[in-house]
Amino acid sequence: MQPRTNPESPARTAPRPSDDATPVVTPPIDVLETDDALTVLIDVPGVDADSLELSVAREKLELTAHRRAPLFEPAYRYRRTFQIPREVDADGIDAKLEDGVLTLRFPKRVTPTSRSIRVRTS
Amino acid sequence: MPVAARDVTRALPRAERAVVEDTMLFSEMNDAFRMLDALERRLDAGRNERARGGAARVGLRDDGEALLLVAELPGVRLDEVEVLLETDVLTLRASRRRSLPEGARLVRAERPEVQLVRQIELPTRVDADAVTASMRDGVLQVRLPKAAEARPRRIPIAHASSERPTN
């Protein structure tokens, strides 16, 4: 299942209790780096794709997820925001939700390390 | 007269990986709320409980008909979870290790590595044959229906009339 990513505005699907009253929990993350990507893993147990909101606006990634919590009272939501570094391409985010872990993959931008500069001669 | 070309290569963004000591790769803007501790204290865990290791949250509830054990085990594979019931004691084991793909560098590690062993002495008798367990979205739920004699049953109250004996 792919959670919805919508630039500029979060996607809302199912109705949910008032956002103001619901307590907020900051989920823990791991960040892995390879030559071509930055990967973020986020623990969000009790969350399915319908209750996950991911939005990107101006180099900021915002995550909100309502937790299905019939036995833990009160119900709460996960919330975390990230500053997206310039090295990565926010448009190419890949998001995967599996077994209560959200994996976000940000491909790195391909930038030339150097370029030749032509010198004009008169 | 043409201006001498400046060396502009330094002004270009570096394609090599940003070093951690520069700034955090991700700087969170919202770190304020940590209700997790408060919620954990409010969890209705079994009274006689011994817990070791792991940061996974475990709670035990009684809904009248059954005991319900709920454990948050995100990313824990089914073959890394064990639920054992021996008479009155429920034992939960779960483990999760961080797996680093080859060539990957761990920049930030907040997610706990889980090595959970939790033994809970059940407050009521349960029907061992009717116990079920399921895992969904990283949440383990074990339902232990109470043994018939352990369920609350209404006791009818006989009406005793109190009449004054007449002389």
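Some observations on this one:
- For residue B:125 and residue B:78, a Förster radius of 22 Å and the Cβ-Cβ distance give a FRET efficiency of 0.20, rounded to the nearest 0.05.
- Paramagnetic reach from residue A:35 in segment B:99-114 [backbone N under 14 Å; point 7 Å along Cα→Cβ]: B:102-105
- Net charge dipole size for segment B:82-167 [Lys, Arg +1 and Asp, Glu -1 on Cβ; Debye, nearest 20]: 360 debye
- Since only B:130, B:159, B:142 are under comparison, the one whose Cα sits farthest along the positive direction of the charge dipole of segment B:116-167, derived from C-beta charges on Lys, Arg, Asp and Glu, is B:159.
- Cut-off under 5 Å, modelled amide H: who pairs with residue A:88 long-range: A:109
- Taken about its Cα centre, segment A:74-122 carries a charge dipole of roughly 400 debye when the Cβ of each Lys and Arg holds +1 and the Cβ of each Asp and Glu holds -1.
- Modelled label reach - residue B:136, point 7 Å along Cα→Cβ, segment B:61-91 residues with backbone N closer than 16 Å: B:68-74
- Cross-link partners of residue A:60 among lysines, defined as those whose alpha carbon lies under 21 angstrom from its own and excluding same-chain residues fewer than eight positions apart: A:96, A:108.
We did not get these values from a lab; they are worked out from the coordinates using the rules stated. Just so you know, these numbers come straight off a predicted model, no measurement behind them. FYI the Cβ positions are ideal-geometry reconstructions off the backbone, even for glycines, and counts take in every protein chain you see.
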